[in-house]
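Accompanying notes for the structure given below.
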Amino acid sequence: MIKAIVSDFSRVLLFPKDKSYKGGLNTLHIELARDLNYKVLDHFEFNIELLDFYTSLKSQLPIHMFTSDAIQDSPEFQPYLQPIFGEIMSAKRMNVTKEDPEAYRLVATHLNLDPGEILYIDDAFENIEAAKSAGFNVVLYKDNSGLVERVNTALKN
């Protein structure tokens, strides 16, 4: 039985406004932040539809975040994230990588849940494989409609 959802952030909930940009969002954020006039929301946009979906699930089970680095800590993002997410965990702060199954065991321990009680959502196949190896239920994010359908199915089982 799923008792919590853990979601990735970059390229699941946050996207660059420049659709041609293929690099890491943390890297882009660090580069752009060198400009003293940098406003993060001028360069990034939220997946509002998915944030709304997570909000609708929050009354049923806790929603958490597991990210690679720290872009989610930007103050401009907090009004969007704080009402939805319980724990926001960073692989960098935990001294692990998201490609390592041990990272997901640490997440489960931190949340005081068995890995099989967690549904993990990420856009990177290697992260999904690591979470699956650690015993998590997983959904590879490709688009909102596919994700909503797969999450709803997982929650019914």
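The values are calculated or read from the model by the stated rules, or taken from the named source; none is laboratory data. As the structure is a prediction and not an experimental result, all values here were calculated from the model. Glycine also receives a Cβ, built like all others from the backbone with ideal geometry; neighbour counts cover every protein chain displayed.
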(request) Go through the stretch 10-30 residue by residue and tally those that are charged (D, E, K, R) and either within 21 Å of Tyr80 (Cα to Cα) or surrounded by 12 or more Cβ atoms within 10 Å (Cβ to Cβ) (or both). (result) 3
(request) Answer yes if at least one residue in the stretch 109-124 is without any contact (Cβ under 8 Å) to a residue 60 or more places away in the chain, out of contact with any helix residue (DSSP H, G or I) (no Cβ under 7 Å at 6 or more places or on another chain) and more than 24 Å from Asn152 (Cα to Cα), and no otherwise. (result) yes
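Yes or no, residue by residue, for (1) at pLDDT 95 or above; (2) part of a helix (DSSP H, G or I); (3) not basic (Lys, Arg):
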| position | (1), (2), (3) |
| --- | --- |
| Tyr80 | yes, yes, yes |
| Met89 | yes, no, yes |
| Thr109 | yes, yes, yes |
| Gly116 | yes, yes, yes |
| Tyr120 | yes, no, yes |
| Glu129 | yes, yes, yes |
| Lys142 | yes, no, no |
| Leu155 | no, yes, yes |
(message) Just to verify a result, which residue in the stretch 39-49, among those that are more than 15 Å from the chain's Cα centre (by Cα) and over 15 Å from Asp73 (Cα atoms), is surrounded by the fewest Cβ atoms within 10 Å (Cβ to Cβ)?
(response) Asp42
(request) For the stretch 89-134, name all the residues that are of a type in the set (A, V, I, L, M), closer than 21 Å to Glu49 by Cα and crowded, with 18+ Cβ neighbours inside 10 Å. (result) Leu119, Ile121
(message) So, Ser56, is that one more than 23 Å from Gly146 (Cα to Cα) and small (Gly, Ala, Ser) or not?
(response) no
(message) Can you go through Ser74, Ser56 and tell me which one is over 13 Å from the mean Cα position of the chain (by Cα) and either loosely packed, with under 13 Cβ neighbours inside 10 Å or modelled with pLDDT of 95 or more (or both)?
(response) Ser56
(request) Scan the stretch 133-142 and give yes if some residue there is on the phi > 0 side of the Ramachandran plot and not aromatic (Phe, Trp, Tyr), otherwise no. (result) yes
(message) Could you check the stretch 16-63 and list, in sequence order, the residues that are hydrophobic (A, V, I, L, M, F, W, C) and assigned to a helix (DSSP H, G or I)?
(response) Leu25, Leu28, Ile30, Leu32, Val40, Leu41, Ile48, Leu50, Leu51, Phe53, Leu57
